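The values are calculated or read from the model by the stated rules, or taken from the named source; none is laboratory data. The model shown is predicted, which means the values in this text are computed figures rather than measured ones. All Cβ positions, glycine included, derive from the backbone under ideal geometry; neighbour counts span all protein chains shown. Side chains are part of the model used for accessible areas, which takes the heavy atoms of the whole protein and leaves out ligands, DNA and RNA. Shrake-Rupley method; radii C 1.70, N 1.55, O 1.52, S 1.80 Å.
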Amino acid sequence: MKLRIALILLSTALLSAASCEDPVIPDPEPETHSRVFDLYVCAVKHGGMGQNKNGTFVRSVPSLEADQPMVEFTGRGIDITQQFSMESITRGKYYYQVPQEGSDRFVKFHIERNAAGEEWIPTPLDAEVPFKENTYYARKYTHAWLDGGKTLLILGTDSAHEEIFWTKLNETDLAIQSEGKLGLSLPAGFVTFSTSGLLTLRPSDGTLFYLYYVKDGDSDHKPVTHIAIINPSTMDVVSDTVVPEAVMEEPVTAAYGELLRNIIAYDDRGTMYVAGLCTFDGVKKGVMRRILAGQTTFDASWNGFPNPEGRLLTLQYVGNNRMLSYSRVETMGTKIDSRSHFYSIIDLGTTLRERVSYNGEPLRYCSGGYSQRSAVADGKAYIGVTEGDGADDYPMVYIYDSATGVVTPGVKLSKGFCFDLIRIMEGD
């Protein structure tokens with residue numbers, strides 16, 4: 001009996017002690033958001049870099065799978081022709097840019113659906129802030145996200161391209177935190193910087209790279225590319241290295257940052273890949289160079305784009321040691337609207353590349369030299385092609401699975417517009 005009472009008292013004491021402890025609170029579930037795809041088309045001819053004033057239109061769709069209805073643009077979507085440019089910075093569900101109309105400020109906006117399901121850009125903007133000391137121009141700047149995405153760093157040159165400015169903005173309300181001039185001077189004999197250059201923050205160690213080139217004013221001479229390492233906290237230039245001409249004469253689109261086309265990519269090991277140009281037999285063609293994890297200069301012994309048919313225009317890492325590229329064949333046409341552009345998958349281990357194909361047939365050649373019709377998420381690449389000559393050759397999206405290498409057809413777009421851009425955005 002005494003033993004039984006003792007056990008009851010001991011159990012009561014243990015329960016009382018447990019009740020005095022802090023309750024165990026489970027970790028909160030990670031916040032999830034739906035995904036939407038913003039599709040951009042232009043009227044009459046392709047846009048990009050201010051090429052098209054005839055009309056730029058955006059539609060937001062929940063999926064690019066083949067079971068979705070054809071994406072129509074006539075009488076649908078948003079006309080951003082006058083107010084905004086398709087060249088923009090994106091993060092989450094927001095767009096950030098120096099607007100097309102009134103290039104005297106930074107703006108932040110997002111695309112919503114109203115009750116009728118139509119897309120619209122809310123007014124007023126989510127945030128806007130006028131320039132202070134430093135001035136930037138629509139489409140002509142580069143950027144990087146600092147502090148885990150809390151700070152947006154903008155960098156560009158003055159109107160004469162003789163100095164390089166930087167500005168740090170708060171991501172939430174675009175409040176200007178600080179600004180200044182980058183401590184880089186033109187080397188002797190050179191007269192201008194590239195319009196913006198390219199900023200990229202290496203995710204593995206937080207190293208801030210700035211790739212830029214300088215020109216001597218002679219159109220027959222080749223630009224000289226530099227790699228500067230910048231302290232992201234102080235914006236001091238830690239080092240500035242000249243890239244050998246044989247390695248890379250210039251990065252692709254260094255005049256406009258990565259506001260439209262993706263030309264810098266990182267693999268799972270933290271290796272950085274950059275699309276660039278070199279001259280072969282008097283013609284500028286593509287090269288793909290890499291900077292190994294922990295290094296700050298190009299691996300001169302490696303080129304991931306040997307035997308180029310023409311210019312390498314975009315790069316996107318799709319996982320499984322594979323890179324998606326968009327390039328062109330010079331002999332088929334070099335104009336923006338020439339149907340000479342195509343997609344390939346590059347094996348980074350062997351540098352072998354193959355045209356993206358469906359049912360054994362390569363995807364058709366596309367127009368759109370300043371386009372970025374491909375986007376990558378969760379091991380899948382959504383690859384857009386422009387319309388063809390046949391009655392059934394609609395502009396459409398194909399979906400590449402990097403784990404299996406399988407390509408499946410996705411949604412179709414209506415004809416009559418130039419398909420230029422896919423952006424993957426966070427939904428509401």
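Observations, loosely collected:
- Solvent-accessible surface of the chain, averaged per residue with a 1.4 angstrom probe and all protein chains in place: 46 square angstrom.
- Label-point gap, in nm, between K45 and T331 - each point 7 angstrom along Cα→Cβ: 2.6 nm
- Relative contact order [Cα under 8 Å, 6+ residues apart], the chain, whole percent: 14 percent
- Taking all Cα-Cα distances within the chain, those exceeding 43 Å account for 17%.
- Rounded to the nearest 500, the 222 nm mean residue ellipticity of the chain from helices alone is -1500 deg cm²/dmol, with -39,500 (n - 2.57) taken per DSSP H run of at least 4 residues.
- Estimated inter-spin distance, S63 and E245, nm [label 7 Å along Cα→Cβ]: 5.5 nm
- Listed residue (W166, L186, N231) projecting farthest to the positive dipole end of the stretch 153-261, Cβ model: N231
- Rounded to the nearest 20 debye, the dipole magnitude of the stretch 40-113 is 160 debye, with +1 charges on Lys and Arg beta carbons, -1 on Asp and Glu beta carbons, and the Cα centre as origin.
- Magnitude of the charge dipole for the chain, about its Cα centre and with charges confined to Cβ atoms of Lys, Arg (+1) and Asp, Glu (-1), is about 460 debye.
- Averaging the sequence gap over all C-alpha pairs within less than 8 Å and six or more residues apart, then dividing by the number of residues, gives the stretch 309-428 a relative contact order of 19 percent.
- Dimensions (Å) - the stretch 296-428, Cα atoms, principal axes, largest first: 46, 40, 32
- If you take the Cα centroid of the stretch 236-288 and the Cα centroid of the stretch 127-152, the two points sit 22 Å apart.
- Gyration tensor (alpha-carbon) shape descriptor, the stretch 353-428, a/c threshold 1.5: oblate
- A cut-off under 9 angstrom between Cβ atoms defines the neighbours of F109, and their net charge, with Lys, Arg +1 and Asp, Glu -1, is -1.
- Nearest-0.05 FRET efficiency for D393 and E118, computed from C-beta distance (R0 41 Å): 0.90
- Rounded, prolate or oblate (a/c below 1.5 giving rounded, otherwise prolate when a/b exceeds b/c) for the stretch 357-397 by Cα gyration tensor: oblate
- Percent carbon-and-sulfur accessible area, the chain, ignoring ligands, DNA and RNA, probe 1.4 Å: 50 percent
- For the stretch 53-199: relative contact order, % (alpha-carbon pairs under 8 angstrom, 6 or more apart): 16 percent
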